[in-house]
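I have placed the structure first, in the form of structure tokens, so that the comments after it can refer back to it.
The values are calculated or read from the model by the stated rules, or taken from the named source; none is laboratory data. Quick caveat: nothing in here was measured; it's all calculated off a predicted structure. Here the Cβ is made from the backbone with ideal geometry for all residues, glycine too, and neighbour counts use every protein chain on show. To get the accessible areas, we keep the full protein, side chains included, count just its heavy atoms, and leave off ligands, DNA and RNA. Shrake-Rupley method; radii C 1.70, N 1.55, O 1.52, S 1.80 Å.
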Amino acid sequence: MTRKQKHDCSLPFCTLYLYTINHHHVSTKVPSKNQTKLANGETEVHHRPKRGWIWNQFFVLEEHMGPEAQYVGKLHSNSDKGDGSVKYILSGEGAGTIFIIDEVTGDIHATKSLDRERKTHYVLHAQALDRNTKEALEPKSEFIIKVQDINDNAPKFPDGPFVAMVPEMSEVGTSVLQVTATDADDPTYGNSARIVYSILQGQPYFSVDPKTGIIRTALANMDREAREHYTVVIQAKDMAGQVGGLSGSTTINITLTDVNDNPPKFPQSMYNHGNFLYVPESAQVGKPVGKIKANDEDLGINADIKYSIINSEGANMFSISTDRDTREGILSLKKPLNYEKKKSYTLHIEGMNTHVDPRFSYLGSFKDTATLKITVGDVDEAPVFSMDYYIMEVYENAPIGTEVGTVTAQDPDIKNSPVRYYLDIKEEGERYFKIDESHGIIRTIQPLDREDMPWHNITVMASDVDNPSLLSHVPATVQVLDVNDNPPEIATQEEGIVCESSRPGQVIQTVTAMDKDDFANGQRFSFALPSHLPVNPNFTLKDNEDGTASIIARRRRFSHLTQELYELPIVVWDNGEPSLSGTSTLTLRVCPCQRHGRVRMCQGEAFLSSAGLSTGALIAILLCIVILLAIVVLFITLRRSKKEPLIISEEDVRENVVTYDDEGGGEEDTEAFDIIALRNPAAAEELKFRRDVRPEARQHCGPPRTCQSPALELDEVDVHEFIKQRLVEADTDTSVPPYDSLQTYAYEGQGSPTGTISPLDSPGTQSEQDYNYLDDWGPEFQKLAELYEEAESEIMT
């Protein structure tokens, strides 16, 4: 059985008919799955019922306002025989509230008015049941009820009203703005949402495209200066603009923006007579003295104006600049005015736009000119000095009242009043000059010293007798010229160095002189030793005739141990007029020197200084040494306090092997056993046999001038006898501890036949040999040379 559906649709409702068709197929083939073999031998094939529901949409008009419910459609099943045994059930969106169904007939009605703009469709489910058995005659199937649109919404401009701008003087058809309206109706059904644009207000200046809503200029050469703002009303109508369509409108405020289509223009071309500019001659240079303005109807940068003075008469005396805020031309002075020389000036001023649009060049040049007359006003002026700066000269030590120089000033006015002169008393410091009030002569009031102050800066003031409040100032500089009033002296005050190894004729030091005076052709000095003193046996002086002198040693070998300091007076003459001389004393210090005269040590602290150690570093080193010594002393004290006695108990006297872990003091330990006495038989006889008993001196002498030392006699003794003798002494010694002890003896043969090369035991002899050649052997022999020199110096002392 297959179900099919038949549609009988004629708006605004549809009726659905459901049919069931049964198919029976007979076959004699072998029964297979889904087949039944009958008693007569035939085979019955069972086909599964096939249902294929194809539901079309139901439609219901929106905004239904009738008194009765709106009929939507009808559901019908082929199982319905019209006897009321079939029950129709409706479920889904709005079932039972918006949509109701007649359970017997299957008619569907809408009980409420629907709005497509709120909900466009509803999804429902239909089912047919046997009213008696409650069994489903048809399966539950889904269908859609679509709300059909009507033209119930007018177009709207969601972004309005609008503001737009377009440059003035734009060409016809220039795009201004595009407006777009929206319609809530269904754009896929009819013309309810088909919009057409039209202009209600703003003609003939603007137009609108009916399809796109683009607003364009419709009139050429619209001038902002004539009219700047426009109001345009645009209408949007649906139903393609047909009669009965709904419409909406919006307002667009259009402003014409400025372009540079107007040149600047002065209010009048000639400014004279009553409109001239008055400038007093006292006006300051660089300060504004007046202003002029050209008008420009444009705005912003299109109205910027640059002013200039185009004639030479005005350009030489005045300058003009533009005030950016007011767009005025500001006149300023370039040079001082003088009423007595020129009483008026004529200026040709030009004003020109700085941003010119070439599209409007056909309108002419964007500039204008005007003539301005400036009248100079007479003002009572302060006196004017003949010079802007005065330089004068005077010799030092000149008598009081000496004339230094003269300043002159004159009243520039026509009346030419007398002038009075003053010195500025506000200047700090001591006063050295005065001025004659009537004639401007400057004189000294106290002696001047060039070495103390070579230049003096003063300020001279002048005023009219008729108007003392008008003052003028001028600076004056007085240079003090030099005279020879200071004796020369040695330039350095430091000590000179004399090496101990200096030789006669050797240059000890070169000295120079200085003089506080100023010599135009350079300073020349002469040097000599004082003539009233006896001849110096140690040094002499040589004038090098180049402004220097050399100190030369007259003898050899100085010693800082004999005399460390020498004072050498030196007389210096200058070449001034008159010539002056001065005596300076130079101190010379004797110091040991290395090769090539380099000072090795000159003072007690020279050694530390050469090491580059500061006082703080020396203190730190000494502190570290003291700490180390304290640690050593503490360590020794602790070690001595920990020593145990050799005999633990006086009652426990027996033979023991005692281990000592003390370390001896070496050769410097005078308490230790002298092993040299055993290793050298000769020394053994000379030393003590017992440390606590002084031995008797024994010496075997033979004939006169021949005495045999004990060492020679002991050399002939057999070593075996020598050791036996020492064994007996050890056994009989009662001062040793009562323990067994082990004594080791060694024997060294008699000395070398060549004898000793040590000079320590040889008699010292003094030599007059010169040991300076040891300096040439290198630093390895430097110490040896110093030892010989010190020894020789001590002998000479």
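Some observations on this one:
- In this structure, residue 271 qualifies as within 30 Å of residue 328 (Cβ to Cβ) and either touching a Gly at 6+ places or on another chain (Cβ under 9 Å) or surrounded by 14 or more Cβ atoms within 10 Å (Cβ to Cβ) (or both).
- Close pairs from region 310-321: first closer than 19 Å to residue 352 by Cβ, partner of a type in the set (Asp, Glu), Cβ under 8 Å, at least 6 apart: 310/350
- In region 590-620, the residues that are out of contact with any strand residue (DSSP E or B) (no Cβ under 7 Å at 6 or more places or on another chain), open to solvent by less than 80 Å² (accessible area, probe 1.4 Å) and modelled with pLDDT of 60 or more: 592, 594, 614, 616, 617, 618, 620
- The set of residues in region 154-176 being part of a loop (DSSP other than H, G, I, E, B) and of a type in the set (Phe, Trp, Tyr) consists of 157 alone.
- The residues of region 71-90 that are open to solvent by 40 Å² or more (accessible area, probe 1.4 Å), under 14 Å from residue 129 (Cα atoms) and in a strand (DSSP E or B), listed by number, are 76, 87, 89.
- Residue, modelled with the highest pLDDT, within region 254-291, restricted to residues that are polar (S, T, N, Q) and over 53 Å from the mean Cα position of the chain (by Cα): 268
- Residue within region 292-304 that is within 29 Å of residue 380 (Cβ to Cβ) and not β-branched (Val, Ile, Thr) present: no
- Members of region 364-380 that are under 20 Å from residue 305 (Cα atoms) and surrounded by 13 or more Cβ atoms within 10 Å (Cβ to Cβ): 366, 367, 368, 369, 370, 371, 372
- Within region 261-276, the set of residues being in contact with a Lys or Arg (Cβ under 9 Å, 6 or more places away or on another chain) and in a loop (DSSP other than H, G, I, E, B) comprises 261, 263, 264, 266, 267, 272, 276.
- So residue 340, is it open to solvent by less than 60 Å² (accessible area, probe 1.4 Å) and more than 54 Å from the chain's Cα centre (by Cα): yes
- Candidates 94, 66, 52, filtered to the one that is under 17 Å from residue 128 (Cα atoms), modelled with pLDDT under 85 and more than 60 Å from the chain's Cα centre (by Cα): 52
- Residue within region 222-243 that is open to solvent by 30 Å² or more (accessible area, probe 1.4 Å), acidic (Asp, Glu) and not in a loop (DSSP other than H, G, I, E, B) present: no
- Of all residues in region 439-448, exactly one satisfies the criterion of being more than 26 Å from residue 468 (Cα to Cα) and surrounded by 13 or more Cβ atoms within 10 Å (Cβ to Cβ), namely 448.
For (1) under 30 Å from residue 397 (Cα atoms); (2) not assigned by the TED database to the domain that holds residue 418, each residue gets a yes or a no:
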position	(1), (2)
469	no, no
494	no, yes
510	no, yes
517	yes, yes
525	yes, yes
545	no, yes
570	yes, yes
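- Number of positions in region 97-140 that are surrounded by 13 or more Cβ atoms within 10 Å (Cβ to Cβ), of a type in the set (S, T, N, Q) and part of a loop (DSSP other than H, G, I, E, B): 4
- Applying the condition of being surrounded by 17 or more Cβ atoms within 10 Å (Cβ to Cβ) and β-branched (Val, Ile, Thr) to region 391-411 and asking which residue is farthest from residue 443 (Cα to Cα) yields 407.
- Residue check, residue 351 surrounded by 12 or more Cβ atoms within 10 Å (Cβ to Cβ), at negative phi, under 55 Å from the mean Cα position of the chain (by Cα) and among the small types (Gly, Ala, Ser): yes
- Across region 295-315, the number of residues qualifying as in a loop (DSSP other than H, G, I, E, B) and under 49 Å from the mean Cα position of the chain (by Cα) comes to 4.
- Evaluation of residue 414 against (1) aliphatic (A, V, I, L, M); (2) surrounded by 12 or more Cβ atoms within 10 Å (Cβ to Cβ); (3) more than 23 Å from residue 460 (Cα to Cα) (one fails), failing number: (2)
- Residue list for region 137-163, restricted to those being farther than 30 Å from residue 61 by Cβ and at pLDDT 85 or above: 159, 161, 162, 163
- Matching option when the condition is assigned by the TED database to the domain that holds residue 395 and either among the β-branched types (Val, Ile, Thr) or open to solvent by 40 Å² or more (accessible area, probe 1.4 Å) (or both), among 504, 475: 475
- For region 417-438, taking the residues that are open to solvent by less than 40 Å² (accessible area, probe 1.4 Å) and in a loop (DSSP other than H, G, I, E, B), the one that is nearest to residue 281 (Cα to Cα) is identified as 417.
- For residue 96: the one exception among (1) on the phi > 0 side of the Ramachandran plot; (2) touching a Phe, Trp or Tyr at 6+ places or on another chain (Cβ under 7 Å): (2)
- Subset of region 450-464 (residues that are loosely packed, with under 13 Cβ neighbours inside 10 Å and either charged (D, E, K, R) or touching a Pro at 6+ places or on another chain (Cβ under 9 Å) (or both)): 452, 457
- Single residue of 257, 212, 250 found to be closer than 19 Å to residue 178 by Cβ, buried (at least 19 other Cβ atoms within 10 Å of the Cβ) and either in contact with a helix residue (DSSP H, G or I) (Cβ under 7 Å, 6 or more places away or on another chain) or in contact (Cβ under 8 Å) with a residue 24 or more places away in the chain (or both): 250
- Scoring residue 515 on the criteria (1) open to solvent by less than 50 Å² (accessible area, probe 1.4 Å); (2) acidic (Asp, Glu); (3) modelled with pLDDT of 85 or more leaves a single failure, condition (3).
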